[in-house]
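Participant: Take a look at this one; I'll ask things after.
Each value in this text was obtained by applying a stated rule to the coordinates, not by laboratory testing. It should be emphasised that the depicted structure is a prediction, and the values quoted were computed from it without experimental measurement. A quick note on method: Cβ atoms are made from the backbone with ideal geometry, for glycine too, and the neighbour counts reach across all protein chains shown.
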Amino acid sequence: MRKRLAMTMSVVLALGFAAGCSGGKEQAGGADKATDANGAPKVELTWWVVQDEDAYGTFYDEMIDKFQKQNPNVKIKREIIPSDKINEKLSIAANTAQLPDLQQGSIFWPLSYAYKNLMVPLDDIIDKDDFDPAILKNVTVNDKLYIYPNNTVAIGLVVNKDLFKAKGALDLLPKNMQPWTTEQFLKAAKAVSDPAAGTYGYAMYAADTGGDQSHHALLWGFGGKSFSDDNKKAVLNSPEGIEGMKFLVSLSDEKVVPPGAAGLKATEVINNMFPQGKIGMTMGNIGHIGAFEKSFKDGTNKPFEMDIVPYPTKDGKSTNSVLFGYGTWVWNTNKKTNMEWAKKFTQFINTKENMARLAEIPSVLPTRKSLASKYAEDSIQGKTIKLFKSTGNVGLGVPGYSETRAAFYPELQAALTKTKTPEQALNDWTKKANEIIERNSK
């Protein structure tokens, strides 16, 4: 059975490559010669969108309509791809030369394709002065920008203020985004943890890659780094990283996290337990808060007051965060005319005017600095903007990043279940991650 499946996949890939090569050769000799009334080449672009349709409403359709009216020679076909299907669909498309012309989605996984020359650099269409350097760094590979970031937030700890008030522990939380120590964090988590009542201070989970940014942010609080600055090496098994992993494991021993955290998915803990009032602090951002508020309005969960606070550090002098957002990019399809127009459309939807329109959506925080000033300093958006300067390198630009993510959570599970020591777990992950990076760098 396994042999037959392998043979089938080989045939599929071979046919796909043949089809793709044929299309590329045709385009190499020139694009479709059909033109419109003004002599402009007729172009049809396929645009994959991986984002919440309910939250974004008519924005995408408006962008397509405006661009097509300005450029009647262009037709844009938008396809909505479910987030849980995109990795598989994209892998098949990349291996069969059937990539779309451009894409809108999470900045968290496409950059590995830049190493394979499958993404188009966008340096010439991004007005870099209007973006925080930390944001641009997260969409850069080998000093070239490959994603136009348009909706980027940074993670913090979303807190259930009502739960802390009920326990008389509100004063244990930091105020006005002030840094706090891991010792203060643990004290706050203990104050609202009541296993008998089913409530816990911190949202812990380790059953898949979901929400793994939170694990890294906590470990960084002890001075560790996940990857080297040049993205060529995993380095989380440093003494500082190991100390951070020991602290993370201790949270389970202290009973301030849900029992059986090693087998819980982030979606169960963050999307269900937190809005149900069972968790005091969880990794989150503006998008999460919007989803929680929606569950309050539709009656799914009982409303409570929320806020966002920074991640703790050992010395309490700073914080750590991870950028979490969306952008637009262009695929290298070897179709010259399509790639040119895909870049034009990417630049169009991300102009200051159109990004301001995007910012009207409550859960969106635009990446342009010129648009950030409209948010009050004490608003969730204003507090999030402060976190931009504290973002660490979670590995978006690392060759084989998605594989390194998949290799991390089994090691975290092993540490939480005590089948490995924190040091052994990080050593094993670091070794696997470096093998993945080396393999994907070739």
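Participant: Using θ = phi - 60° and the Karplus form 6.51 cos²θ - 1.76 cosθ + 1.60, what ³J(HN,Hα) does each residue of segment 95-112 get, whole Hz, x for Gly and Pro?
Facilitator: 7, 10, 6, 10, 5, x, 6, 8, 8, 10, x, 5, 7, 7, 9, x, 4, 4
Participant: Still on this structure, I have one more. Could you tell me which of rounded, prolate or oblate describes segment 310-372, using a ≥ b ≥ c as the square roots of the eigenvalues of the alpha-carbon gyration tensor, with rounded for a/c under 1.5 and, failing that, prolate when a/b is larger than b/c and oblate otherwise?
Facilitator: Oblate.
Participant: How are the C-alpha pair distances of segment 307-442 spread across 10 Å bins, as whole percents from the shortest bin up?
Facilitator: Histogramming segment 307-442 at 10 Å steps yields 10, 23, 29, 24, 12, 1 percent.
Participant: How would you classify segment 176-234 from its alpha-carbon gyration tensor, with a ≥ b ≥ c the square roots of the eigenvalues: rounded for a/c under 1.5, else prolate if a/b is greater than b/c, otherwise oblate?
Facilitator: It is oblate, given that a/c is not under 1.5 and a/b is not larger than b/c.
Participant: Sticking with this one: Under the rule of at least 5 residues apart or a separate chain, name every residue whose amide H is placed under 5 Å from the amide H of LYS265.
Facilitator: When sequence neighbours closer than 5 places are left aside, the close amide H contacts are ALA207.
Participant: Considering amide H positions built from the backbone, and no H for Pro or chain starts, which residues 5 or more places from SER321, or on another chain, come under 5 Å of its amide H?
Facilitator: Result for SER321 returns THR391, GLY392.
Participant: Placing one identical point scatterer on every Cα of the chain and ignoring solvent, what is log10 I(q)/I(0) from the Debye formula at q = 0.07, 0.09, 0.11, 0.14 Å⁻¹?
Facilitator: -0.38, -0.62, -0.91, -1.36
Participant: Order 126-133, 198-205, 244-251 from most to least packed using the mean count of other Cβ atoms within 10 Å.
Facilitator: Order by mean packing, descending: 198-205, 244-251, 126-133.
Participant: Further, regarding this structure: What residues qualify as long-range amide H neighbours of ASN150, i.e. H under 5 Å apart, gap of 5 or more or another chain, H built at 1.01 Å from N?
Facilitator: TYR326, GLY327, THR328
Participant: Just want the ordering: TYR115, TYR401, from fewest to most Cβ atoms lying within 10 Å of their own Cβ.
Facilitator: TYR115, TYR401
Participant: Going through the cross-link list LYS137/LYS294; LYS144/LYS352; LYS233/LYS389, which pairs have a Cα-Cα distance over 28 Å in this structure?
Facilitator: In this structure, LYS137/LYS294 exceed 28 Å between Cα atoms.
Participant: While we're on this one: Note down the relative contact order for the chain as a percent, whole number, built from C-alpha pairs under 8 angstrom at least six residues apart.
Facilitator: 25
Participant: Continuing with this model, one more query. Quick check on my link table: of LYS165/LYS225; LYS335/LYS442; LYS255/LYS374; LYS167/LYS225, which ones sit more than 32 Å apart, alpha carbon to alpha carbon?
Facilitator: LYS165/LYS225; LYS255/LYS374; LYS167/LYS225
Participant: Would you order SER373, SER226 from fewest to most other beta-carbon atoms within 10 Å of each residue's own beta-carbon?
Facilitator: Least crowded to most crowded, the residues run SER373, SER226.
Participant: Across segment 117-127, in residue order, what do the Karplus-derived ³J(HN,Hα) couplings come to in whole Hz, using 6.51 cos²θ - 1.76 cosθ + 1.60 with θ = phi - 60° and x for Gly and Pro?
Facilitator: With the stated coefficients, segment 117-127 comes to 6, 9, 10, 9, x, 10, 4, 6, 10, 9, 7 Hz.
Participant: Moving to a separate point now. Can you give the calculated 222 nm mean residue ellipticity of the chain, where each DSSP H run of n ≥ 4 adds -39,500 (n - 2.57) and the sum is split over every residue, rounded to the nearest 500 deg cm²/dmol?
Facilitator: Using -39500 (n - 2.57) per qualifying helix, the result is -12500 deg cm²/dmol.
Participant: Now for a different question. For LYS314, list the aspartates and glutamates whose Cα falls under 14 Å from its own Cα; do not include residues on the same chain fewer than 8 positions away.
Facilitator: GLU183, GLU240, GLU243
Participant: Any chance you could check the Cα centroid distance between segment 57-132 and segment 322-372 for me, in angstrom?
Facilitator: 9
Participant: Then there's this: Mind sorting ILE125, ILE107 by how few other Cβ atoms lie within 10 Å of their own Cβ, fewest first?
Facilitator: ILE125, ILE107
Participant: Further question: Go through segment 202-216 residue by residue and turn each phi into a ³J(HN,Hα) via Karplus (6.51, -1.76, 1.60, θ = phi - 60°); whole Hz please, and just put x for glycine and proline.
Facilitator: For segment 202-216, the Karplus curve yields 9, 7, 10, 6, 7, 8, 7, 6, x, x, 5, 4, 5, 4, 5 Hz.
Participant: Could you grab the relative contact order for segment 102-231? Cα pairs under 8 Å, six or more apart, rounded to a whole percent.
Facilitator: The normalised contact order for segment 102-231 reaches 13 percent.
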